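Working notes for the structure below.
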Amino acid sequence: MVERLIDRGVELSTETELGDSAIYIAGRCQDPEVIKLLLDNGANVNDRGGKHYEDRWDWLQRTEYNATPLHRAAENGRTETARLLIEASADVNSVDGSGVSVLERAVNSEKAELIRLLIDAGVGLIIHDNTASGLLMVAVRSPGPDAIYLVNHLLEKGIDVNVRYKGYYGTALYYVAWDGDIDMARHLLENGARIEEADDHGKTALSRLGSMGV
């Protein structure tokens, strides 16, 4: 369908009444070939969508206003779409009209591979505490070699190993303990994680780690 429309001469910069261009809408598409087709035909990789959402409801402003295709790919966990956009020079450090970064959108998707892609592409880690804790939670629960890689990178960039998830839940060590991941628990302890750190209900990782023999 997209290819037929392009063949008929449809202007790729045409926008909906809310200010959404084709490439912005395609950012959340499961098929990265749609993005590739648009890019190959001259679509602007950093074109912003939701340009007129400021007149809409608050939730639309927060989630859509003046975002990029990469924002859309990140929030929907579309790693391959994000890869194509980055290869086409998408700005990995762009923020939307509400000041939300691509990285913050990616954290919500909980896709470690996507977060690693952004880090490898040079995304900045000047972020809010909630995003820092979210990043660390995604990292410690990542499958395979991505876990240690992401944790080490985040700690090297200054994220506090004892940051509490969303400010009041447990730390990364707390969640790892309850997941039963002994190797990651040891790694966090070796990097300064406090075993006695409690959440707002007074629960700590200590008792769980003790039963695991860490």
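The values are calculated or read from the model by the stated rules, or taken from the named source; none is laboratory data. Owing to the predicted nature of the structure, the values given are computational and were not obtained by experimental measurement. Please note: Cβ atoms are built from the backbone with ideal geometry, for glycine as well, and neighbour counts cover all protein chains shown.
Condition check: out of contact with any Leu (no Cβ under 7 Å at 6 or more places or on another chain), aromatic (Phe, Trp, Tyr), buried (at least 16 other Cβ atoms within 10 Å of the Cβ) and closer than 28 Å to residue 100 by Cβ. Does residue 149 satisfy that? Spelling it out, residue 149 is indeed out of contact with any Leu (no Cβ under 7 Å at 6 or more places or on another chain), aromatic (Phe, Trp, Tyr), buried (at least 16 other Cβ atoms within 10 Å of the Cβ) and closer than 28 Å to residue 100 by Cβ. Highlighted here are the helices (runs of 4 or more DSSP H) found entirely within the stretch 141-210 that include at least 1 residues which are modelled with pLDDT under 85 and of a type outside the set (D, E, K, R): 172-179.
Taking residue 180, is it surrounded by fewer than 16 Cβ atoms within 10 Å (Cβ to Cβ), over 23 Å from residue 204 (Cα atoms) and either of a type outside the set (A, V, I, L, M) or more than 15 Å from the chain's Cα centre (by Cα) (or both)? In short, no.
Checked against the criterion of being crowded, with 20+ Cβ neighbours inside 10 Å and more than 17 Å from residue 133 (Cβ to Cβ), the stretch 186-200 has at least one qualifying residue. Looking at this structure, is residue 97 surrounded by fewer than 17 Cβ atoms within 10 Å (Cβ to Cβ), at positive phi and not hydroxyl-bearing (Ser, Thr, Tyr)? So residue 97 does not fit the description; no. Here is the figure for the stretch 188-206: residues that are among the hydrophobic types (A, V, I, L, M, F, W, C) and farther than 15 Å from residue 140 by Cα total 3. When 150, 173, 135, 154 are checked against the criterion of being touching a residue at least 24 places away in the same chain (Cβ under 8 Å) and over 21 Å from residue 108 (Cβ atoms), a single residue qualifies: 173. Counting only helices (runs of 4 or more DSSP H) that sit completely within the stretch 41-139, those holding 3 or more residues that are at pLDDT below 95 and within 24 Å of residue 170 (Cα to Cα) correspond to 102-109, 112-120.
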